[in-house]
1. What ranking of Thr50, Thr252 emerges when the number of other C-beta atoms within 10 Å of each C-beta is taken as an exposure proxy, fewest first?
2. Can you show me the helix-derived [θ] at 222 nm for the chain, built from DSSP H runs with n ≥ 4 at -39,500 (n - 2.57) apiece and divided by the number of residues, rounded to the nearest 500.
3. Tell me, what is the FRET efficiency for Thr198 and Lys545 to the nearest 0.05, using R0 = 45 angstrom and their Cβ-Cβ distance as r?
4. Residue farthest toward the positive end of the dipole of region 183-357, with Cβ of Lys/Arg at +1 and Asp/Glu at -1: which of Gly293, Ser251, Ser237?
5. Anything in the chain that counts as a DSSP H helix reaching 30 Å or more along its axis (C-alpha) with Kyte-Doolittle mean of at least -1.0? List them, would you?
6. For Lys544, list the lysines whose Cα falls under 18 Å from its own Cα; do not include residues on the same chain fewer than 8 positions away.
7. Any idea what the relative contact order of the chain is, in percent, if you count C-alpha pairs under 8 Å spaced at least 6 apart?
8. Which whole-Hz ³J(HN,Hα) couplings does region 174-186 yield from phi under the Karplus relation 6.51 cos²θ - 1.76 cosθ + 1.60, θ = phi - 60°, glycine and proline marked x?
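No lab work stands behind these numbers, since they all come straight from the coordinates. None of these values were measured; they are calculated from a predicted model. In this analysis, Cβ positions are derived from the backbone assuming ideal geometry, glycine residues included, and neighbour counts consider all displayed protein chains.
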Amino acid sequence: MIELKRAAVLAAALALSLGTLTACGSDDSGGTTGEMGETGAMADYAVGTTFKATEPLTFSLMYRDHPNYPYKADWLFLEKLASDQNVSFEITNVPLSDWNTQKPILIASGDAPDIIPVTYTSEQAQYAAGGAILPISDYLEYMPNYKDKVEKWGLQTAIDSIVQSDGKYYVLPGLHEEPRFQYSIAIRDDLWKAAGITEDPKTWDEFKADLVKIKNANLPGVKYPMSDRWKMGSLLSQAAPSFGTKSGATSTNTWGFDNGIYYDTAKGEFVYAGAQEEQKELLKFFASLVKEGLMDPDSLSQDDDQAKAKITTGQSTAIATNDQVIVTDYRQPMEELGEGGSVRMIRLPAGPKGDIVNVSRLESGLMVSAKAAEKPYFKALLQFIDWLYYSDEGLKFAKWGVEGVTYTGTGDDLKLASDVDYNGANPSGTKQLNKDFGFSNGVWMPANGSVFALEKAMLNDDGKAFVEVMKDKTLQEPDPAAPMDEETQATASTYQTQLTDIVIQNTVEFISGAKDIDKDWDAYISALKAAGLDEYVKLYNDAKK
């Protein structure tokens, strides 16, 4: 996101002004030196070992406080860690609304807590620049579960792609055993059937043809066949790989567009996605939906509540979704309205470049403060992180909670307790797994958990069905590594901000029809070049070499 990138660049500059911070326990080459603090550490910790500190320890943690499940000191999650692992936390609470601005400032100050969660690998270059973050790859010998997962699940190539210019990486990513498919399109199944549509579209062209059928059916109450949410960011992001590009930059949340750099396998080099001919074709396709009255032009600007109201009341028949919001944002409100109707997810259509999706098996993870290496409990901290975020036992605990209280069953046959719900997986539950107990919280696990059986068991029916229909998709290969030093990264970030602003403005104007793609595309490319397009791409190709 633009806001995050700007904040991160600011943070890197602030870190330099405070002076370079060097982690105690590391030499200039990153190798560990000196004595490691072993207070509370287990002598026999290994894969399959339940971590329990040999004495009570308190780790400091930067907590992302989500309004849907605000922090509670008496959560069962925290109580069990204190009793069973001998671990408690000193919390630095940061509201979700301030997370992307406060996190880099706290890191740059040199006083960041030991554990800094909910961090993506794409953020590490800026955060690592000032020396306030530990090069965690130097300490993997103390993290046997992490190493075991990377090896067993064949993730080394993905891990190699996050290595920085110094040969190290600073974010411990969340790991997925299998691809986690979540996003697609939800349709009002009752209205599609009323228009005579009996089969789901296999391609984007077929999807457009179905929207035409709905428009021509003149169904009562339907104003547009499709009215999208998330400023169309998700829709473009999901469609882009099948067009041979990356997209989604229609607001400050750039979705899959990210830094705009796309690896063209045919050319064997990085290109700028926003300037590709494939991007032009993608935008032309969605612009045609708006021009022909098949998509609500407000899709690019309306807030989510407006978009949700349109599909739940039958004013539209299609909208972007994921396997969680289809229940909470569409199905449950429709049931409350009592007007009937049904909604479901469809398989993501294929595009002109094939049946391709871009789903990373690396997830948001965590960073460790460089100052943590000076703490007497440093080795125990590494063991605890390894157990909670990467062991089968820790992942199950963080996601599902306590057997007999929040879930029942063993092995792969797990079910939420009868009075517990999570994202509509058990709608009859009166308590929420995250809000009332503290489990299934992205602060203490990699987004959705990494062991696929643990994930799948908690999916609602929509999520389980979607996983099945998507499992034969072709996965886009991860980009090769392009590590940059601090100075180059700062230059790239400046170019990125300028270019992304231009992409956002023109993407909206092209799709809405304010600009004609065929007539105005060359002027758009000229604006990108004037903002440093060629120089920006060269930085990445030079870094790859």
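1. On the way: Thr50 13, Thr252 17.
Fewest-to-most Cβ neighbours within 10 Å comes out as Thr50, Thr252.
2. Numbers: 19 runs with 200 residues, N = 545.
Value at 222 nm, helices only, nearest 500: -11000 deg cm²/dmol.
3. Working: r = 53 Å, r/R0 = 1.17.
FRET efficiency, Thr198 to Lys545: 0.30.
4. Sorting the options by dipole projection puts first Gly293.
5. Values: long enough: 486-512 (39 Å, -0.24).
In the chain, the long hydrophobic H runs are 486-512.
6. Lys168, Lys267
7. On the way: 1020 pairs, mean separation 124.9, N = 545.
Reported as a whole number, the value is 23 percent.
8. Listing the rounded values in order: x, 10, 10, 5, 9, x, 10, 8, 10, 9, 6, 10, 9 Hz.
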